[in-house]
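A.B. asks: This is the structure, below, for whatever I ask next.
The values are calculated or read from the model by the stated rules, or taken from the named source; none is laboratory data. Note that the structure is predicted; figures quoted are calculated from it, not measured. So basically every Cβ, Gly included, is an ideal-geometry build from the backbone, and we count neighbours across all protein chains shown. Side chains included, ligands, DNA and RNA excluded: accessible areas come from the protein's heavy atoms. Shrake-Rupley method; radii C 1.70, N 1.55, O 1.52, S 1.80 Å.
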Amino acid sequence: MRKIWLFVPFLFLSACIGTTQNSKFYYLQAENTTGYVNKNIKATIGVREVNIPNYLDKPQIVTLKSGGVELNISELNRWSESLASMMQRVVANDLSYNLPNAVVKPRVSAREEFKYLVQVEIGKFEGAWDKTATLEGWWSITNPLGETLVQKRVSISTSMGDSYDEYVNAQSKLLAELSAQIAQGFSKLR
């Protein structure tokens with residue numbers, strides 16, 4: 001009888017272990033489409049790391065619940081890397097499609113020299129299932145001395161479906177539109 005009581009805790013422990021679902025990892029990607037082409041810019045352009053809100057600065061993908069004020073943080077659906085770094089790379093790649101004669105790349109070191117620097121500050125980068133995905137924030141183009149040459153507010157949205165694949169694709173489209181707007185901003189430079 002005593003041996004049975006020693007075995008009971010192991011039964012409870014094995015019932016708790018069970019099986020868990022595997023996490024899925026997603027990445028944003030450049031759209032490889034040109035929303036606006038400016039062939040006149042022949043310069044080196046560095047894209048600084050994108051500033052994002054703290055609620056997005058996590059490996060889990062954040063979506064809005066149907067009411068629009070409550071966040072859903074998915075433990076099983078995650079970004080493949082830092083969201084800010086991934087956005088920086090995607091904006092640089094999308095921007096290079098829109099500025100084919102410029103050299104555009106992420107700025108990874110303060111020692112790198114560029115004629116222009118692009119800064120993006122995201123205020124909102126989210127979506128609600130079967131509704132829309134939204135990107136809101138600011139972007140600016142500065143010279144190497146930090147003087148702002150062009151600065152604009154951005155607010156764009158696109159429809160999205162009900163899966164994480166569709167959500168991430170919608171977010172990639174928003175970054176492509178953002179990059180097209182930044183490319184237009186270069187036309188205002190002398």
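A.B. asks: So which residues in the range 46-65 are assigned to a strand (DSSP E or B) and either open to solvent by 10 Å² or more (accessible area, probe 1.4 Å) or more than 19 Å from Ile141 (Cβ to Cβ) (or both)?
C.D. replies: Residues satisfying the conditions are Asn51, Gln60, Ile61, Val62, Thr63, Leu64.
A.B. asks: For Val91, work out the one condition from (1) hydrophobic (A, V, I, L, M, F, W, C); (2) out of contact with any helix residue (DSSP H, G or I) (no Cβ under 6 Å at 6 or more places or on another chain); (3) open to solvent by less than 10 Å² (accessible area, probe 1.4 Å) it doesn't fulfil.
C.D. replies: Against the list (1) hydrophobic (A, V, I, L, M, F, W, C); (2) out of contact with any helix residue (DSSP H, G or I) (no Cβ under 6 Å at 6 or more places or on another chain); (3) open to solvent by less than 10 Å² (accessible area, probe 1.4 Å), Val91 comes up short only on (2).
A.B. asks: How many residues are within 15 Å of the chain's Cα centre (by Cα) and either crowded, with 19+ Cβ neighbours inside 10 Å or under 23 Å from Gln119 (Cα atoms) (or both) if we restrict to the range 156-183?
C.D. replies: Adding up the residues that qualify gives 16.
A.B. asks: Hey, another quick one. In the range 136-173, what residues are over 30 Å from Ala110 (Cβ atoms), of a type in the set (Val, Ile, Thr) and touching a Phe, Trp or Tyr at 6+ places or on another chain (Cβ under 8 Å)?
C.D. replies: Val168 - this is the single residue of the range 136-173 that is over 30 Å from Ala110 (Cβ atoms), of a type in the set (Val, Ile, Thr) and touching a Phe, Trp or Tyr at 6+ places or on another chain (Cβ under 8 Å).
A.B. asks: Within the range 136-155, can you find the residues that are open to solvent by less than 70 Å² (accessible area, probe 1.4 Å), over 20 Å from Ala30 (Cβ atoms) and over 16 Å from the mean Cα position of the chain (by Cα)?
C.D. replies: Within the range 136-155, Ser140, Thr142, Asn143, Gly146, Val150 meet the criteria.
A.B. asks: Going by what's in this entry, would Ser96 be described as assigned to a helix (DSSP H, G or I), without any contact (Cβ under 8 Å) to a residue 12 or more places away in the chain, open to solvent by less than 60 Å² (accessible area, probe 1.4 Å) and over 16 Å from Ala133 (Cβ atoms)?
C.D. replies: yes
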